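Just below is one structure, and these are the notes that go with it.
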C-alpha cells in the first residue's frame, strides 16, 4: 500500500512526464532541437549533481565505472533524447508521446529475440496492440497532406533506443549509485549534444520570450530535475504494477495536455492508438498476480 507522500509523488511524476511533451513542442518554436536538448540537459545534470552531492551520494566514478557510463549513455540518453526531440519536431507532441511509450513492448520483444527471454501470450498481445497503434498513426500521417511519416519512424527509433538501453541496464554490473550514473550519463550526453548542435545548427540569439524562458526552466528543473529525484526516491519502493500504471498514463496525459498547452487537437486515430499502447504496456508490465488480485476485488 502506497503512503500519501508516495501517491502524491507518483501523481506529480506522471503529470510532469506527460506535460513535458507539449512543453518540448512549444520550445521548438524559438530554439532548435539540439540546442534545446543541450541547454535543458546541461542545466538538469548540474542541478542533480548539486542535489546529490548535498545528499552525500558518491558521485565520483572509479575505474571501469566510466566504461559503463559511456556504453549505457549511448542508447539511454543520446539515442533516446536526440531522436525523441526530432520526433516531437516532426509530429504532434501527443502523437510523439504515444509512439515513444511503446518502449516497454520493444524491451520485451528484443529481450525475447536476442537474450532468450520468454515470450508469452501477453507479450504477443502487446506486440499486436502496438502494431495496430503504429499502423493507425502511420496511415494517418501518410493520408494527411502535411503528414510526416518519417516522424513516426524517428519516434519508433527513439523508443527502440530506449528499449535497448533498458536491456543493457538490466544486464550491467553496476557499482556506481544509479543517481550518479544518471548524472554522468546526462553530462556526457549534454557535451555530445553541444558538439552536434554546433556542427548542424546555427548559434541561437538567446533573445527569447518570457514564455520560452519559462519553458526552459520547466525542462531543467521539472523534467530533468524534480522528476528524476522523485523517480529515484519511488523506484525502490513501488510495486511493478504501480510503476506500470504510471508509465501507462504518460502518453494519455501527453495527448490531453497538448490540447491545452500546444493547441493540438487529437484525431480519433490518436485516441485509439493511445488506448492500444496503454493496453500493451499493461500487458507487459503489470504482473499476472496483480491482475488476478484486482479482479477478485471487483
Enumeration of residues in the range 86-113 that are over 19 Å from residue 285 (Cα atoms) and surrounded by fewer than 23 Cβ atoms within 10 Å (Cβ to Cβ) | 86, 89, 90
Could you say whether any residue in the range 120-140 is over 20 Å from residue 280 (Cα atoms) and surrounded by 18 or more Cβ atoms within 10 Å (Cβ to Cβ)?
-> yes
Name, by its number, the condition in (1) closer than 22 Å to residue 229 by Cα; (2) modelled with pLDDT under 95 that does not hold for residue 173.
-> (1)
Give the residue, chosen from 160, 142, 136, that is in contact with a helix residue (DSSP H, G or I) (Cβ under 6 Å, 6 or more places away or on another chain), in a helix (DSSP H, G or I) and within 23 Å of residue 78 (Cα to Cα).
-> 160
In this structure, is residue 182 touching a helix residue (DSSP H, G or I) at 6+ places or on another chain (Cβ under 6 Å) and either assigned to a loop (DSSP other than H, G, I, E, B) or within 22 Å of residue 107 (Cβ to Cβ) (or both)?
-> no
Could you check the range 21-129 for helices (runs of 4 or more DSSP H) lying wholly inside it with 3 or more residues that are more than 23 Å from residue 231 (Cα to Cα)?
-> 33-54, 80-90, 103-115
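The values are calculated or read from the model by the stated rules, or taken from the named source; none is laboratory data. Predicted model only: the values in this text are computed from it and were never measured. In this analysis, Cβ positions are derived from the backbone assuming ideal geometry, glycine residues included, and neighbour counts consider all displayed protein chains.
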